[in-house]
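Trainee: First the structure, which I've put down as structure tokens, then a few questions once you've had a look.
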Amino acid sequence: MARAISLIMAERIPENLQQKLTERLRYYEDMGIRFFYRDRSAGAHSQSPGVPVPSLEIQKGETTLAKPVRKPEPRKLISAPARKIDVPPVLTGPSLFEAVDKIAGDSLPQIQADLGDCTRCKLHKGRNKIVFGDGNPKAELVFVGEGPGADEDAQGLPFVGRAGKLLTQMIEAMGLQRKDVYICNVVKCRPPENRLPEKDEVATCSPFLLRQIDAIAPKVIVCLGSVAVQTLLETHRGVSQFRGQWLEFRGRKLLATYHPAYLLRNSNSKGEVWKDLQKVMAVLGLEVKKGKSS
Ligand code: SF4
């Protein structure tokens with residue numbers, strides 16, 4: 001990163017732009033982003049060296065030269081001469097998360113220190129407290145929610161409102177306590193009116209979540225609701241499309257289930273969530289006890 005900054009300095013870039021670029025690079029460094037990649041799909045449209053460009057091979061009998069103007073003949077249906085088209089392979093750039101390297105020796109206190117009194121996205125304007133996360137820094141099980149609500153914003157702790165109480169009951173039904181697991185959210189500041197976090201807010205805050213997951217190194221990640229699963233799996237599909245299936249996130253087992261706030265409104269779905277949690281218990285070697293699903 002220092003090299004990138006010195007390169008900026010070496011270029012003939014106006015001073016105010018240099019300063020902005022330097023700040024931006026330092027910000028990425030805080031988030032653990034060490035490497036940057038060229039947008040290869042954009043390069044596919046340019047003629048830069050090394051990037052394959054579709055070629056049209058003209059077959060015998062065809063010509064690219066202008067032909068003399070002749071009286072038009074009645075049109076006949078004929079098949080077009082064959083042309084060989086070399087289609088370049090699909091080029092996909094690395095995702096933001098692939099660009100976030102695991103930082104050796106990273107720790108929750110270090111991540112929290114890097115986050116600081118964060119003003120990186122607009123959510124900072126309405127928050128009272130940053131809700132960083134809570135629980136066992138070496139937990140085998142991490143729950144990821146969407147963002148803090150009013151109670152969480154007031155206390156600076158995740159899942160302490162009504163939905164949080166239900167999550168606590170779910171954790172206890174698994175034979176665990178809150179201090180055994182780690183609980184955090186995709187965004188760490190409360191979205192106004194409890195709206196969903198917006199794309200830019202998620203993009204700005206979620207690399208810190210990624211560092212938290214890497215630092216804790218859990219066996220299992222449980223995504224609570226659509227925002228969490230959409231963020232970690234980088235998809236637009238909702239939680240119901242993934243619920244109860246074992247998925248993988250950076251080499252770890254990931255399972256998505258309904259958010260406890262959804263269960264408060266749809267208690268009929270509690271049974272489905274309990275089935276999901278039983279799958280988690282099986283992976284963690286926890287004993288399933290009868291009568292714990294209510
Ligand atoms: S939501 Fe995250 S990125 Fe935005 S201000 Fe809060 S801590 Fe910073």
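Trainee: GLU287 label point, 7 Å along Cα→Cβ, cut-off 13 Å on backbone N: hits in segment 150-180?
Mentor: Flagged as within label range: 175-176.
Trainee: What is the sum of charges, Lys and Arg at +1 and Asp and Glu at -1, for the other residues whose Cβ falls under 11 Å from the Cβ of LEU123?
Mentor: Once all neighbours under 11 Å are counted, the net charge is +3.
Trainee: Say each of THR119 and LYS102 gets a label point 7 Å from the Cα, pointing the same way as Cα to Cβ; how far apart are those two points in nm?
Mentor: Distance between label points: 3.6 nm.
Trainee: Still on this structure, I have one more. Could you tell me which residue out of VAL283, GLN212, TRP246 lies farthest along the dipole of segment 204-284 toward its positive end? Charges go on the beta carbon: Lys and Arg +1, Asp and Glu -1, centred on the Cα centre.
Mentor: Farthest towards the positive end: VAL283.
Trainee: So what are the ³J(HN,Hα) numbers for segment 106-118, from phi and the Karplus equation (6.51, -1.76, 1.60; θ = phi - 60°), rounded to whole Hz, Gly and Pro as x?
Mentor: Karplus values, whole Hz, x for Gly and Pro: 5, 9, 4, x, 5, 5, 5, 5, 5, 5, x, 8, 4.
Trainee: Taking just the alpha carbons, could you work out the radius of gyration and Dmax for segment 204-268, both in angstroms?
Mentor: Cα only, segment 204-268: 12.1, 36 Å (Rg, Dmax).
Trainee: Taking H as built 1.01 Å from N, whose amide H comes closer than 5 Å to the amide H of VAL181, not counting residues under 5 places away?
Mentor: Placed amide hydrogens put ASN136 under 5 Å from VAL181.
Trainee: On a 29 Å Cα-Cα criterion, which of the cross-link pairs LYS125/LYS253; LYS179/LYS253; LYS165/LYS253; LYS125/LYS275; LYS138/LYS279 come out too long?
Mentor: From the list (LYS125/LYS253; LYS179/LYS253; LYS165/LYS253; LYS125/LYS275; LYS138/LYS279), the Cα-Cα distance tops 29 Å for LYS125/LYS253; LYS125/LYS275.
Trainee: Using modelled amide H (1.01 Å from N, peptide plane; none on Pro or chain starts), what sits under 5 Å from the amide H of VAL186, excluding residues fewer than 5 places away?
Mentor: GLY145, GLU146, GLY147
Trainee: Which cross-chain or sequence-distant (5 or more) residues have an amide H under 5 Å from the amide H of LEU254, H modelled 1.01 Å from N in plane?
Mentor: ILE221, LEU247, GLU248, PHE249
Trainee: Can you tell me, using C-alpha contacts under 8 Å and at least 6 residues apart, the relative contact order of segment 121-211 as a whole percent?
Mentor: Answer for segment 121-211 is 41 percent.
Trainee: Taking just the C-alpha trace of segment 123-270, give me its Rg and Dmax in Å.
Mentor: Every Cα atom of segment 123-270 included, Rg and Dmax give 14.0, 39 Å.
Rule-based calculations on the coordinates, nothing more; no lab input. Since this is a predicted model, take the numbers as computed values, not measurements. Backbone-built Cβ (ideal geometry, glycine too); neighbour counts: all protein chains shown.
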